[in-house]
Every structure is written in C-alpha cells, then in structure tokens.
Amino acid sequence: MNRERMIVVRHIDLASITTVLCDADGNLFPSEEPAFDASIEVTNDFLATFGVTMRYTAEELRKSTTGKNFRTTAVDLAVQAGVPVEECLAVGRTDARIASPDDIAQGRALGSAELEHWVERERDHVTAHLRVALRPDSRVQDALQALGSHHGLAAVSSSAAVRLDGCFTATGLDVWIPAPLRFSAEDSLPVPTSKPDPAVYLLAGQVLGIGPAQGLAIEDSVPGVLSAVAAGFPTIGNLMFVAPDERAARSEELVAAGASAVADSWAAITDYVFWSDASTLLRTNQEATG
C-alpha cells in the first residue's frame, strides 16, 4: 500500500468492520460543484423573495455550506440575513428572529410551509441538472466492487432520496448501493434534518443492525464527519473530489472534526482496508501458531 496516500491519526479496528457507510455527494461522485451551480439560482430567488439583496455565487455557497442540505442552508441564510422565521424553524439558532403569525401570513417571514415549497423547487431543479451532469467513474466503481465483496455497503446522506436516485443512476452506482440501502436525512427520518446531526447515521445503524464498532464511515465534509463520529462510527475522510488547492486545509478540518484517517482517493481507502485486514489476519495466525 502507498502510505503517502493515506494519513492515519487514530487507530481503526478494521477487523470488526462489517459495513462501509458512504456519504454520497462529493464522496461517491463529484456532485458538489454542479449541484451548487444549479442550486444557486434557486437560493438567490429564495432570498430575493424576502427582500434580501445579497447575491451569492455558486462557489461562495459551496464553501460555506458543503455537507448541509438545502433545507438547513435556506434557514441558515434567512437567519443570517435577518429574515424572521417561524418558531419551529428557529430551534438551535439562538440569533433567529421569531416571526409573528401576521409576518408569515403577509409573506414577510419564512414559515414551514413556504420552506417546503422552496425545498421541493431546489430538489427538482438540482436533480434534473445532476442527472445529465454526472458520469460513471471507474475508480469509484472498482472501489465499491472490491469493498462490497467483503463488506456490506450503504449510503448515508443529507440529500433528498429522489436526488440520490438520480445521482446513483447517472453514475451507475445503484448496482452496489440500491435504493433500500440509501439513508436520507431529508426523507428517511420522521423529521427532516441535515448533517452534522447524527440522526441519519443512527438510523442507518439501527436499520442495518450494526453497532459503532461494525460500521466504517467515509466522508468528505466536516458536517459529515461530525455526524458520523457523533453516532460513534470511526470515519475516514476522502479528498478524492476535493479541489487540489483545498485539500490541505480540508484534511486538517476533517481530522479536527474527528476523522481517524484521511485519504486522497477511493483506491487508497480500499488499499488501507484490505492491507490492514490482511495484517490483522497474519498477526492472528502467527499468535495462534506460536
């Protein structure tokens, strides 16, 4: 194994791992940039509806919200801009201005019903774009083929299920991770949420019947690592689809968030998993034979 491609900062007991839990966007496919190219149109329209004059670029939005879904991003941006929000949307946001019923009725504030409208609009717009923008990548396919021959595979994402369906079909990854093995923080939970909330990882563990020691998470973003680690799963940061000039900083951020290792590719992750498994097996056999 080429150790320069994998930095390990905390021990991972790979011998107990039965399932690899994969983040989707920016990890299994390079969807972050094209997704934000499409999302920014809806995001700026959303803000303009409430009289916010600030206009974001796709790059600004990507760098500040990677790892979060639009539901969380929309409320965060509204709160930052001083837009009043319905009380149920202000949970966990101490700087939020609570809207009155009249504010919501007059369209001066963001209510939960209005938010649903924008979530659906952004989801449909971005999904349509990703269906034509993404392509199969043999490097990811080969890694999932190898990992899937020895481990269970699942996807754990903040994105909506319909968006995941479009991405997995476009990239040909639905062969290894079909829809029943995809967990969406937007659609799989009783109440939609987003990473870094660990709820979607906890749900995945419960449905798959695995505990923290049996699952290995692969994540590319800080919110994703925080989510997986909070749920108890050892996590490897994956820089494969991170822009080269952002990799050094992202690597440090992922480790600070709790990642046990950081790799620059799926090939490095696969090498590490199988090399470590082989080393553990060799040591076990040597100890058994004396």
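The values are calculated or read from the model by the stated rules, or taken from the named source; none is laboratory data. Given the structure is predicted, the values throughout are model-derived calculations rather than measurements. No Cβ is skipped: glycine too gets one built from the backbone with ideal geometry, and neighbour counts run over all protein chains shown.
Look at the range 145-163 and say how many of its residues are without any contact (Cβ under 8 Å) to a residue 40 or more places away in the chain and surrounded by 17 or more Cβ atoms within 10 Å (Cβ to Cβ). So the count comes out to 0. Only residues that are of a type in the set (Ser, Thr, Tyr) and over 14 Å from the mean Cα position of the chain (by Cα) were counted in the range 232-251, giving 1. With respect to the conditions (1) closer than 14 Å to Phe50 by Cβ; (2) in contact (Cβ under 8 Å) with a residue 60 or more places away in the chain; (3) of a type in the set (Asp, Glu), Glu122 falls short on a single one, namely (1).
Among the conditions (1) within 23 Å of Ala160 (Cα to Cα); (2) charged (D, E, K, R); (3) not in a helix (DSSP H, G or I), the only one that Arg55 does not satisfy is (1). Picking from residues in the range 214-224 that are of a type in the set (A, V, I, L, M, F, W, C) and touching a Pro at 6+ places or on another chain (Cβ under 8 Å), the one that is nearest to Lys68 (Cα to Cα) is Val222.
Considering only residues in the range 228-271 that are assigned to a loop (DSSP other than H, G, I, E, B) and touching a Phe, Trp or Tyr at 6+ places or on another chain (Cβ under 7 Å), the one that is farthest from Met6 (Cα to Cα) turns out to be Ala231. Scanning the range 52-73 for residues that are farther than 29 Å from Asp174 by Cα and in contact (Cβ under 8 Å) with a residue 24 or more places away in the chain turns up Val52, Met54.
Does Arg71 fit the bill of being charged (D, E, K, R), at pLDDT below 95 and part of a helix (DSSP H, G or I)? Here the answer is no, as Arg71 does not meet what is asked.
Restricted to the range 77-112, and to residues there that are assigned to a helix (DSSP H, G or I) and hydrophobic (A, V, I, L, M, F, W, C), the residue that is surrounded by the most Cβ atoms within 10 Å (Cβ to Cβ) is Ala78.
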